[in-house]
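Novice: For reference, the structure I am asking about is given below.
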Amino acid sequence: MKAVTRQTFIAGLAVTAFSLASGAALAQGPAKPGSPAPAFSIVDVDGRTQKLSDYAGKTVILEWTNHDCPYVRKHYNSATMQTLQKDMAKEGIVWLSVISSPAGEQGHVDAAKAKELTKSRDAAPATILLDPKSVMARAYGAQTTPHMYIIDPKGTLAYAGAIDDKPSASASSLAGARSYVRQAVAEMKAGKPVSEPATKAYGCAVKYAPVS
């Protein structure tokens, strides 16, 4: 009986471990401001491998996106996101959009569709990273679309969270919204610490691909 009990206990642990590793909890969660930003090596829409180390010495903004998400549509249909992308580019900041939706889930696109969306919406990221296996999403603990991260020139995560302080899918919420991204970038440019380095991201949940 003891042997059976031990086997049952071990099996139970295995099932529990599998269960914990099966859902959104697989996000390694969340990368913390003040810590080194997780390294990544991800293929972009042009088939090139993009690494964080490629941008050493530059500020990098990561934008998790899903074109079918109403929260994302709010920012793109109003051109708020595109304007932000272009303004950041003028500051010499590298903007990388990240698509982590796996095949069969809302927001999943191939490279051609991602480029088509960029052109039709007049979006202006430096490039778009395709993460259908959720490797990068897990590394950063990305939870929503949009979910924003700012990495300073030293490779430290300076900000993680919402794009602004209006957690709504309604376009009317853009009036008077405070951009956490603009705020953080302005403080960094002034040589000041980011006053709000972490906020609660809002939007559609990032769907994680099963671990293969």
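Novice: Evaluate region 147-154: report whether one residue or more is at negative phi, out of contact with any strand residue (DSSP E or B) (no Cβ under 7 Å at 6 or more places or on another chain) and of a type outside the set (D, E, K, R). Even if it seems obvious, please write down each step before you answer.
Specialist: Of region 147-154, the ones at negative phi are 147-154.
Remaining after also requiring out of contact with any strand residue (DSSP E or B) (no Cβ under 7 Å at 6 or more places or on another chain): 153-154.
Applying the additional criterion that residues be of a type outside the set (D, E, K, R) yields 153.
Yes - at least one qualifying residue is present in region 147-154.
Novice: Right, Ser168: touching a helix residue (DSSP H, G or I) at 6+ places or on another chain (Cβ under 8 Å), surrounded by 13 or more Cβ atoms within 10 Å (Cβ to Cβ) and not in a strand (DSSP E or B) or not? Spell out how you get there, then give the answer.
Specialist: Working: touching a helix residue (DSSP H, G or I) at 6+ places or on another chain (Cβ under 8 Å): yes; surrounded by 13 or more Cβ atoms within 10 Å (Cβ to Cβ): yes; not in a strand (DSSP E or B): yes.
Yes, satisfied.
Novice: Would you point out the residue of region 48-77, among those that are among the polar types (S, T, N, Q) and over 25 Å from Lys207 (Cα atoms), that is surrounded by the most Cβ atoms within 10 Å (Cβ to Cβ)? Show your work before the answer.
Specialist: Within region 48-77, the subset among the polar types (S, T, N, Q) is 49-50, 53, 59, 65-66, 77.
If we keep only those that are over 25 Å from Lys207 (Cα atoms) as well, we get 53, 59.
Working: Ser53: 10, Thr59: 21.
Among those that are among the polar types (S, T, N, Q) and over 25 Å from Lys207 (Cα atoms), it is Thr59.
Novice: Output the residues belonging to region 187-198 that are surrounded by 14 or more Cβ atoms within 10 Å (Cβ to Cβ) and more than 16 Å from Ile151 (Cβ to Cβ). Outline the logic, then answer.
Specialist: Residues of region 187-198 surrounded by 14 or more Cβ atoms within 10 Å (Cβ to Cβ): 187-188, 194, 196-198.
Selection gives Glu196 alone.
Novice: Counting only residues that are under 10 Å from the mean Cα position of the chain (by Cα), closer than 22 Å to Asn77 by Cα and outside any loop (DSSP other than H, G, I, E, B), how many does region 118-165 have?
Specialist: 6
Novice: Residue check: is Phe9 hydrophobic (A, V, I, L, M, F, W, C), modelled with pLDDT under 85, open to solvent by 80 Å² or more (accessible area, probe 1.4 Å) and under 19 Å from Pro210 (Cα atoms)? Don't jump to the end; show me each part of the working.
Specialist: Working: hydrophobic (A, V, I, L, M, F, W, C): yes; modelled with pLDDT under 85: yes; open to solvent by 80 Å² or more (accessible area, probe 1.4 Å): yes; under 19 Å from Pro210 (Cα atoms): no.
Taking the combined requirement at face value, the residue does not satisfy it.
Novice: Then there's this: Anything in region 91-125 that is among the small types (Gly, Ala, Ser), within 23 Å of Pro153 (Cα to Cα) and crowded, with 19+ Cβ neighbours inside 10 Å? List them, or say none. Explain how you work it out, then say what you get.
Specialist: Of all residues in region 91-125, those among the small types (Gly, Ala, Ser) come to 92, 97, 100-101, 103-104, 107, 111-112, 114, 120, 123-124.
Within this subset, residues satisfying the condition of being within 23 Å of Pro153 (Cα to Cα) are 92, 97, 124.
Within region 91-125, just Ser97 meets the criteria.
Novice: Of the numbered conditions (1) touching a Lys or Arg at 6+ places or on another chain (Cβ under 7 Å); (2) open to solvent by less than 50 Å² (accessible area, probe 1.4 Å); (3) modelled with pLDDT of 95 or more, Pro153 satisfies every one except a single condition; which is it?
Specialist: (2)
The values are calculated or read from the model by the stated rules, or taken from the named source; none is laboratory data. These numbers come from a predicted model, not from an experiment. We place every Cβ from the backbone using ideal geometry, glycine too, and count neighbours over all the protein chains shown. Ligands, DNA and RNA are excluded from the accessible area calculation, which covers all protein heavy atoms including side chains. Shrake-Rupley method; radii C 1.70, N 1.55, O 1.52, S 1.80 Å.
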